[in-house]
1. Per-residue accessible area for ASP78 at 1.4 Å probe radius, Å² rounded to 10?
2. Give me the Å³ per residue figure for the convex hull around the C-alpha atoms of the stretch 1-124.
3. Take the alpha carbon atoms of the chain, find their radius of gyration, then divide it by 2.2 N^0.38 Å using N residues; give the quotient.
4. Convert 4 °C to kelvin, take the viscosity as 1.567 mPa s, use the Kirkwood radius over C-alpha pairs of the stretch 2-73 as Rh, and evaluate the Stokes-Einstein diffusion coefficient in µm²/s, rounded to a whole number.
5. For a bin width of 5 Å, list the pair-distance distribution of the stretch 133-247 built from all Cα-Cα distances, rounded to whole %.
6. Name the residues of the stretch 1-18 whose amide N is less than 17 Å from a point 7 angstrom out from the Cα of MET70 along the C-beta direction?
7. Roughly how big is the chain's charge dipole about its Cα centre, with Cβ charges of +1 (Lys, Arg) and -1 (Asp, Glu), in debye to the nearest 20?
8. Just the number, please: carbon plus sulfur as a percent of the accessible area of the stretch 95-247, 1.4 Å probe, no ligands or DNA/RNA counted.
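The values are calculated or read from the model by the stated rules, or taken from the named source; none is laboratory data. None of these values were measured; they are calculated from a predicted model. Methodologically, a virtual Cβ is constructed for each residue, glycine included, from the backbone with ideal geometry; neighbour enumeration extends over all protein chains shown. What goes into the accessible areas is simple: the full protein's heavy atoms, side chains included, and nothing from ligands, DNA or RNA. Shrake-Rupley method; radii C 1.70, N 1.55, O 1.52, S 1.80 Å.
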Amino acid sequence: MPRHLAIIMDGNGRWAARRRRPRAIGHRAGARAVNLCIDWCVARGIGALTLFAFSSENWGRPEDEVGALMKLFMGALDREIDELDRRGIRIRFIGERTRFAPALQARMATAESRTARHARLALNIAVSYGGRQDIAAAARSLAEDVAAGRLRPDDIDEQLLGARVALAELPPPDLFIRTGGDVRISNFLLWQLAYTELWFTDTLWPDLDAAVLDRALADYAARERRFGLTSAQVAAPAPPDTDTLDA
Ligand code: FPP
């Protein structure tokens, strides 16, 4: 069972276009699929879910679509927060939230603090998020420590950098799902996805159902995760480290 699932929710616009409806209607239908996905994670005992809701590049979309998405985020936060709180779900936001309107930033902060004590599901929403920007911010923070004399450049390794990217407190995603038919990562969690199993489906995000998610899970369960080792090594448990055993 994956401990952490990361999803690019793609296909809202096409879902709406097929019905000759405005794109905003597709996003609204997408919000319903978000609820379905949260329920499914809770039912399956998946501990962390990270959803790509708005990329740093999405600011470039037509003004009315960006406005509709902001309204949708605001409404969803107002509507769902009690339910998330009641169900023991902890919500957090990653990304450049300072780019959002102050009212929306305040809603995000309230949602985070109200649910901070929960542990049934860690729900992370990536907003104005970009993987390269995430890595650049981590590098900048290390550089600040070097400049202040708190860190030597030689001390910088994968652990130190990895501790400063988003979601560092969670296990990295075990499974990544992208709906909507495109087969790419689109600047989502670039650092965190290094050894994640990737799964793609043509299903458009608003058409998501439990059967699609169960298919992803079944494919994931059938894969062998080797993390750069050989098949024989992962099959056999590592021998005890004799140096540390008493004679
Ligand atoms: C990609 O589909 C989707 C988005 C840019 C927005 C994702 C937002 C939601 C699912 C709505 C609600 C989210 C929350 C957290 C309440 P697209 O517009 O790129 O679709 P297309 O590729 O068919 O045009």
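1. 80
2. Numbers: hull volume 13.2 nm³, N = 124.
Dividing the Cα hull volume of the stretch 1-124 by its residues yields 107 Å³.
3. Values: Rg = 19.9 Å, N = 247, 2.2 N^0.38 = 17.9 Å.
So the Cα radius of gyration is 1.11 times the expected 2.2 N^0.38 Å.
4. On the way: Rh = 13.3 Å.
Here the translational diffusion coefficient equals 98 µm²/s.
5. 2, 9, 14, 13, 14, 14, 12, 10, 6, 4, 1, 0, 0
6. Output list for this probe position: empty.
7. On the way: 34 positive and 33 negative charges, 246 e Å.
About 1180 debye.
8. Numbers: 4680 of 8760 Å².
The nonpolar share, carbon plus sulfur, comes to 53 percent.
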